[in-house]
Amino acid sequence: MFIAPIQRLERVIVVAAMLIACNGCGSDQNGGAAAAPPTSGDSSPPNTADSTKINDADPAVIYSRGNDKTQDWNYIQSASEDYAQDEHSSNFVRGGGAITGVGAVINFSGTGITWIGKKGPNYGVAAYSIDGGSAKTVDNYSATSVSQNANVTISGLSAGAHVLSIALLDKKNDASSDYWQTIDAFTVEGSGLAPSQGTLSGYDSPDLKFTGTWNGGKVSDDSDLSGGHYWSDTPGSSLSWTFVGSLVEVFGRPDFEDGYMDVYIDSGPKPVATVNGHWGMADDDALNSSMLFATRLAAGQHTIKLVVTGKKDDSARNSYVQIDELIAFQ
């Protein structure tokens with residue numbers, strides 16, 4: 001929890017990776033040189049008549065962010081084997097928490113989507129889910145390198161707004177040498193949705209309503225989607241937002257000091273989800289702008305309420321909830 005790249009906030013009680021461009025190179029999570037993931041010259045899967053190809057650098061894709069010292073994703077350009085000659089790749093994983101690796105999400109309107117990525121001898125296992133549903137896994141290890149590979153295809157969705165989330169796991173095939181994953185492109189049976197096409201509410205937004213004890217601050221290293229974030233570890237404290245839409249997403253800052261939050265929708269007496277924001281075993285703000293929760297709803301006006309439980313898993317240091325931005329799509 002910090003508001004300046006070199007200054008951490010003290011825990012004051014009051015009433016949830018930077019993308020670095022390089023030419024044909026990668027870097028590790030500590031900013032040092034790292035071997036770029038393997039590549040090959042496979043051709044791109046063709047578009048179908050009703051599909052849209054979305055490049056990895058499109059605004060519809062939201063990547064988790066590090067800070068001024070740590071980057072979550074490597075933005076690699078001038079890669080001739082990639083669609084549009086660029087990609088986002090990462091091998092940044094950490095054990096010890098409910099969240100084990102960096103992530104990316106793509107918002108789209110349509111009935112299906114394909115993640116175009118890579119497979120290779122240094123690729124690991126990724127988790128993916130649609131609209132915040134149960135996660136499934138894909139092992140992208142291959143003895144030979146494959147570019148522009150259809151890693152995951154999801155079809156048969158109801159027409160409307162959806163979000164596909166992808167997260168690195170600290171798991172890999174025994175034969176793999178690393179945990180790399182690549183976002184090269186997506187083929188959507190429909191079209192992409194940039195955040196600007198939705199409704200946003202984040203730091204300093206008058207639409208957010210608070211109860212209990214919260215603190216907040218801006219960041220100067222672009223590690224938050226909304227320019228800042230709020231946090232609390234006081235049980236029962238809540239943050240609420242009323243919006244119009246059929247898809248809502250919550251972005252925050254997973255960390256070693258984070259615990260559980262309950263998510264309520266409208267007047268439901270029971271939470272629709274309990275989210276554990278624990279990431280890793282170091283308090284270094286290395287995973288930010290990360291999607292913590294998503295769900296589809298009947299189109300219309302809704303209220304989402306995030307409640308601090310004051311609970312944590314056995315290996316987390318504290319029970320904080322850290323919130324950055326909420327996004328809704330019609």
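A few remarks follow.
- Debye, to nearest 20: dipole size of the range 176-269, +1 on Lys, Arg Cβ, -1 on Asp, Glu Cβ: 340 debye
- Volume per residue of the C-alpha convex hull in the range 128-183, rounded to whole Å³: 103 Å³
- Only Lys, Arg (+1) and Asp, Glu (-1) charged, at Cβ; the chain dipole about Cα centre in debye: 640 debye
- Local electrostatic count at residue 183 - Lys and Arg +1, Asp and Glu -1, tallied over other residues with Cβ under 15 Å: -4
- Mean Cβ count within 10 Å, highest first, over the residues of peptides 116-122, 179-185: 179-185, 116-122
- Computed about its Cα centre, the charge dipole of the range 198-329 is approximately 620 debye, with only Lys, Arg, Asp and Glu carrying charge at their Cβ.
- Translational diffusion coefficient of the chain (Stokes-Einstein, Kirkwood radius from Cα pairs, 37 °C, 0.692 mPa s): 165 µm²/s.
- Normalised by the number of residues in the range 198-329, the average gap of Cα pairs under 8 Å and 6 or more apart makes the relative contact order 37 percent.
- Gain on full extension, evaluated as 0.36 nm per residue between residue 58 and residue 313 minus their Cα-Cα distance, stands at 88.2 nm.
- Inter-centroid distance (Cα atoms) of the range 272-317 relative to the range 127-145, Å: 21 Å
- Pair-distance distribution P(r) for the range 173-330, from all Cα-Cα distances in 10 Å bins starting at 0: 10, 37, 34, 16, 3, 0 percent.
- Here the alpha carbons of the range 246-309 define both size measures, Rg and Dmax, at 13.1, 41 Å.
- For the range 198-251 versus the range 153-196, the gap between their alpha-carbon centres in whole angstrom: 25 Å
- Put in line by how crowded their Cβ is, counting other Cβ atoms within 10 Å and starting with the fewest, 125, 321 read 125, 321.
Values in this text are rule-based calculations from the coordinates and carry no lab data. Just so we're clear, the structure is a prediction, and the values are computed from it rather than from any experiment. Please note: Cβ atoms are built from the backbone with ideal geometry, for glycine as well, and neighbour counts cover all protein chains shown.
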